[in-house]
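**Q** Just dropping this structure here.
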Amino acid sequence: MIDLWPKLLACRQLDLVDAQLAEALKLDPSKHRSVGLVTCDQDDSLYVALDHCTKFANVEVLFGQSFYAGSKVASGPFSGEVMGIVAGTDPDEVAEALWALRTCLKEEVRFQTFEGDNPPAFLAHVIAETGTYLSPQAGVKAGEAMAYLIAPPLEATVAVDAALKAAPVKLAKWIPPPSETNFAGAFLTGALADLNAARDAFIEAVEAVAKAPLQASRRPDRLRR
């Protein structure tokens with residue numbers, strides 16, 4: 001497989017947010033005085049990284065939103081396809097969170113693809129211990145495991161089915177097509193070993209669709225009269 005590493009496009013920190021902007025952003029002034037803002041060219045990779053940074057600093061993820069259609073039609077050179085905001089009381093905590101986020105994007109989470117002619121890109125990532133951002137979305141406690149699976153719509157649907165059949169895991173969240181970036185996918189929960197098996201089955205199914213996209217477009221063995 002080929003790794004498609006994400007690119008952090010912009011990363012800025014406001015040590016003390018203006019009171020009017022803080023109100024517009026719905027910040028809690030007792031604990032959200034400093035914020036960090038980031039953009040990235042891979043939305044799902046950034047969501048994993050936002051969750052990751054909550055394990056290393058006393059911050060909350062206040063905003064995470066994909067932009068429509070994806071990074072190839074971004075509104076500006078540093079927009080990418082997603083923006084995230086983390087907030088805390090201490091600027092040093094926000095700085096620590098941003099560094100952890102950057103490290104995650106450089107070393108841990110990425111989209112992948114296959115060799116060949118125009119294969120699909122996908123993300124199949126198992127988080128051994130979730131932070132405070134993704135755990136409530138998956139319906140688990142912070143520190144529990146989850147699998148984050150994303151692919152183009154048809155590939156994702158087929159591959160999530162394969163993942164659920166490969167191991168005793170739970171479909172914690174279905175991400176229906178189209179997402180803002182025209183993908184689909186799921187969050188799975190369960191034992192770490194089972195999630196790894198489900199992830200592998202997901203990847204195999206995405207590849208199978210890529211190799212034979214029209215497999216079911218054939219004359220049935222028996223035709224209705």
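**Q** Pick out the one residue from VAL17, VAL94, VAL38 that is under 26 Å from ILE175 (Cβ atoms) and either outside the structural domain of THR130 (by TED's automatic domain parsing) or in contact with a Pro (Cβ under 9 Å, 6 or more places away or on another chain) (or both).
**A** Numbers: VAL17 fails: under 26 Å from ILE175 (Cβ atoms); VAL94 fails: under 26 Å from ILE175 (Cβ atoms).
Result: VAL38 is the single residue among VAL17, VAL94, VAL38 that is under 26 Å from ILE175 (Cβ atoms) and either outside the structural domain of THR130 (by TED's automatic domain parsing) or in contact with a Pro (Cβ under 9 Å, 6 or more places away or on another chain) (or both).
**Q** For residues in segment 26-40 being touching a helix residue (DSSP H, G or I) at 6+ places or on another chain (Cβ under 9 Å) and farther than 23 Å from SER135 by Cα, which is modelled with the lowest pLDDT?
**A** This residue is PRO29.
**Q** Continuing with the same structure: Give the residues of segment 165-199 that are closer than 19 Å to ALA121 by Cβ and among the hydroxyl-bearing types (Ser, Thr, Tyr), sorted by residue number.
**A** Residues satisfying the conditions are SER179, THR181.
**Q** To continue, here is another question. If you take the residues of segment 201-224 that are surrounded by fewer than 19 Cβ atoms within 10 Å (Cβ to Cβ) and small (Gly, Ala, Ser), which of them is nearest to ILE150 (Cα to Cα)?
**A** The selected residue is ALA208.
**Q** Of (1) touching a Leu at 6+ places or on another chain (Cβ under 6 Å); (2) of a type in the set (Gly, Ala, Ser); (3) at pLDDT below 95, ALA87 satisfies all except one. Which?
**A** (3)
**Q** Also, I was wondering about something else. Scan segment 100-138 residue by residue and report those that are touching a Cys at 6+ places or on another chain (Cβ under 8 Å) and either basic (Lys, Arg) or not assigned by TED's automatic domain parsing to the domain that holds PHE187 (or both). Can you show your working first?
**A** Initial filter on segment 100-138 (touching a Cys at 6+ places or on another chain (Cβ under 8 Å)): 100-102, 104-105, 131.
Within segment 100-138, ALA100, LEU101, ARG102, CYS104, LEU105 meet the criteria.
**Q** Turning to a different aspect of this structure: Considering only residues that are touching a strand residue (DSSP E or B) at 6+ places or on another chain (Cβ under 8 Å), within 15 Å of PHE56 (Cβ to Cβ) and among the β-branched types (Val, Ile, Thr), which ones fall in segment 90-149?
**A** Listed by number, the residues that qualify are VAL94, VAL109, ILE127, THR130, THR132.
**Q** Could you tell me whether segment 16-25 includes any residue that is modelled with pLDDT of 95 or more, of a type outside the set (Val, Ile, Thr) and closer than 28 Å to ALA69 by Cβ?
**A** no
The values are calculated or read from the model by the stated rules, or taken from the named source; none is laboratory data. The structure displayed is predicted, hence computed values, not measured ones. No Cβ is skipped: glycine too gets one built from the backbone with ideal geometry, and neighbour counts run over all protein chains shown.
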